[in-house]
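Working notes, beginning with the structure itself.
The values are calculated or read from the model by the stated rules, or taken from the named source; none is laboratory data. If you're wondering where the values come from, they're calculated on a predicted model, not measured in any experiment. We place every Cβ from the backbone using ideal geometry, glycine too, and count neighbours over all the protein chains shown.
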Amino acid sequence: MSSEIRHLLVIGIGAGDPDHLTLAAVKALRRADVFFVLGKGSEKDSLTRLRRDILDEHVGTGCRVVEADDPWRDRSQDAFAGYADAVHDWRRRRADVCEQLIRDELAPGRCGAFLVWGDPSLYDSTIAILEDIRRREQVAFEYEVIPGISSVSALAARHRINLNRVGRSVHITPGRRLSESLPNDDGDIVVMLDAHESFRHLAGSGIWIYWGAYIGTPDEILVSGPLDEVSDRIRRVRAEARAEHGWIMDTYLLRLHPDGAEG
């Protein structure tokens, strides 16, 4: 058996727009011998197609792609009870799949790549999963991370706003913990992974919302304004989009405007 080490690239490919790829990401794509793609079922086929479009454009149609099914994740838990256990169980089973891909589909001395939506360091499991596999010591490899444009950065750009205001902080939280993050008089709040539309509980707060779904894709939806005025609209278009596509990924910024006029 060869003693050469396997090498992996974790490449951030942006929030959905193929033009979000950085030059570093394009160079990394061209280094890889094989690309690993975990499919998320027929309802999210568009995400796999976007990855393949990126590879066709920047690597060529003859590149080697190995697909595997992403393990099922229990999403029946409510916003708090059992959530962490469900995520840890899913990550363990996902690590099993990735370990097999690396062992069986990547020869020693060769380079493989995982294409990660947004930025690999922000609300993504790939880095943690690779660390889990390394701790198992069943397959040896090294890896590097290439940053990407996150949905948070893309959201701010599409709404033409700054994420932060002078001298103030920005807090990033999953939707299930939004209530713990309020009030946040020192800064603004970015909310991700909010399947339960937690913003609906903030009526009368004077908060503005900058909301976006499918950011950077042809299906992009943007809504902004005082939360009391646009909350129902967001909930309506969100439900319509989810029904049409079978899934939704959205992100939003909450900002308290003292005079109610900034935006």
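Here are the numbers for this structure:
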quantity	calculated
Identity of the residue in the range 204-229, within 23 Å of ARG165 (Cα to Cα) and small (Gly, Ala, Ser), that ends up nearest to the chain's Cα centre (by Cα)	GLY212
Filtered residues of the range 141-155 (kept if part of a helix (DSSP H, G or I) and surrounded by 20 or more Cβ atoms within 10 Å (Cβ to Cβ))	SER151, VAL152, ALA154, LEU155
Cross-chain or 6+ apart pairs with Cβ under 9 Å, the range 229-244 first and loosely packed, with under 12 Cβ neighbours inside 10 Å, then in a helix (DSSP H, G or I)	ASP232/ARG200
Selected residue [at pLDDT 95 or above, under 25 Å from ALA15 (Cα atoms) and either outside the structural domain of GLY16 (by TED's automatic domain parsing) or surrounded by fewer than 18 Cβ atoms within 10 Å (Cβ to Cβ) (or both)] from ARG134, ARG176, ARG158	ARG158
Residue within the range 207-219 that is surrounded by fewer than 16 Cβ atoms within 10 Å (Cβ to Cβ), free of Cβ contacts under 8 Å to residues at least 24 places away in the same chain and over 25 Å from PRO18 (Cα atoms) present	no
Residue among GLY60, GLY109 that is out of contact with any Cys (no Cβ under 7 Å at 6 or more places or on another chain), at positive phi and modelled with pLDDT under 95	GLY60
